[in-house]
1. Do you know the relative contact order of the range 5-61, to the nearest whole percent, from alpha carbon pairs under 8 angstrom that are 6+ apart?
2. Once the dipole of the range 191-258 is set up with Lys and Arg at +1 and Asp and Glu at -1 on Cβ about the Cα centre, which of V206, M246, F257 lies farthest towards its positive end?
3. Which of rounded, prolate, oblate describes the range 88-228, given a ≥ b ≥ c as roots of the alpha-carbon gyration tensor eigenvalues and a/c under 1.5 marking rounded, otherwise prolate only if a/b is larger than b/c?
4. To the nearest 20 debye, what charge dipole does the chain have about its Cα centre, counting +1 at the Cβ of each Lys and Arg and -1 at the Cβ of each Asp and Glu?
5. Counting only heavy atoms of the protein chains, get the accessible area per residue of the range 1-116 (1.4 Å probe) and round it to a whole Å² value.
6. Loop-only GluC sites (Glu not before Pro) in the range 97-185, please: DSSP not H, G, I, E or B, and at most 11 other Cβ atoms within 10 Å.
7. Can you send over the carbon and sulfur percentage of the accessible area for the chain, probe radius 1.4 Å, protein chains only?
8. From the Cα gyration tensor of the range 145-258, with a ≥ b ≥ c the square roots of its eigenvalues, which class applies: rounded if a/c is under 1.5, or else prolate if a/b is larger than b/c, or else oblate?
Amino acid sequence: LQLLGKKSAAHPAVKFIGWFEKIGYKKADVVVSLLPNAHEHFNEVAQKNVEFAYIPNGIDVTQLKNESIQEELKNNLPKDKFVIGYAGTLGLANALEYLIDAAEILKEDTRFHFVIVGDGYLKIPLSEKSKAWGNVSFFDKIKKNQVQDLLKHFDTCFVGRNDTPLFKHGVSANKYFDYMLAEKPIVDSNNFIKDPVELSGCGIIVKPDNAQAIVDGILKIDAMTAEEKKEMGMKGSQYVLHNHSMKHLAETYAQLFA
């Protein structure tokens with residue numbers, strides 16, 4: 001509310017949620033967070049050392065059902081291009097405006113094409129801005145079970161975070177899991193926030209809010225050999241299957257309860 005929504009500390013919603021938050025930290029025996037560095041915030045709010053456990057989001061690969069994307073979508077995806085892809089919500093926290101600015105920088109380089117799949121309030125302004133360049137394609141949201149089939153058509157995937165203190169405690173987005181399970185190298189725009197890309201080594205971290213840095217990351221991955229790209233992508237899938245499996249997370253919770 002404050003760092004992205006620009007609400008003041010005196011806003012009634014901010015004050016109420018902050019009061020509830022402080023009570024929770026003080027009264028809890030242990031606080032579990034999806035964010036690896038969240039204890040810094042907890043301690044600051046509670047004004048004491050809060051008992052903390054980091055247990056992130058997880059994925060159950062046995063429940064994944066891979067469906068093919070529609071033929072119309074498949075036929076409209078670019079062929080014989082290096083495809084930079086994004087699949088997810090087109091909203092404020094995903095820093096997609098800088099990905100589109102990166103597409104503008106590369107608009108004269110016919111080797112590259114950007115594919116954005118999903119819905120959100122930024123879709124219309126971003127598509128309007130880029131429609132004249134010819135190197136950006138927007139497609140409607142697809143079903144969760146179709147994402148892995150879609151990602152087969154991407155050469156690299158994009159994850160973005162704005163340059164804001166909001167993310168200094170880390171992030172936990174399921175989008176990472178999709179990209180990493182697909183064994184795709186990732187261009188990751190953030191401030192080294194210990195996200196799964198950084199921890200696994202499955203991509204390249206570039207400066208946030210910086211289109212040229214995104215372009216540089218794309219060019220670095222493009223310049224890698226097929227074997228190097230495959231090795232980088234495999235680091236992601238191995239990391240997810242070990243650290244974010246429901247079995248592993250359940251064991252972590254069991255140790256916490258014990």
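The values are calculated or read from the model by the stated rules, or taken from the named source; none is laboratory data. Model, not experiment: these values are computed from the prediction. All Cβ positions, glycine included, derive from the backbone under ideal geometry; neighbour counts span all protein chains shown. We work out accessible area using only protein heavy atoms, side chains counted, and drop any ligands, DNA or RNA first. Shrake-Rupley method; radii C 1.70, N 1.55, O 1.52, S 1.80 Å.
1. Numbers: 46 pairs, mean separation 18.2, N = 57.
Worked out over the range 5-61, it gives 32 percent.
2. Farthest towards the positive pole: F257.
3. Numbers: a/c = 1.20, a/b = 1.15, b/c = 1.04.
Since a/c stays below 1.5, the shape of the range 88-228 is classed as rounded.
4. Working: 31 positive and 33 negative charges, 136 e Å.
Approximately 660 debye in magnitude.
5. Details: 6900 Å² over 116 residues.
I get 59 Å² per residue for this part.
6. Working: sites: E97, E104, E108, E128, E183; in loops: E108, E183.
Sparse-neighbourhood loop GluC sites (Glu not before Pro): E108.
7. On the way: 7360 of 13760 Å².
Whole-percent figure for carbon plus sulfur exposure: 53.
8. On the way: a/c = 2.14, a/b = 1.32, b/c = 1.61.
Since a/c reaches 1.5 but b/c is at least a/b, the shape of the range 145-258 is classed as oblate.
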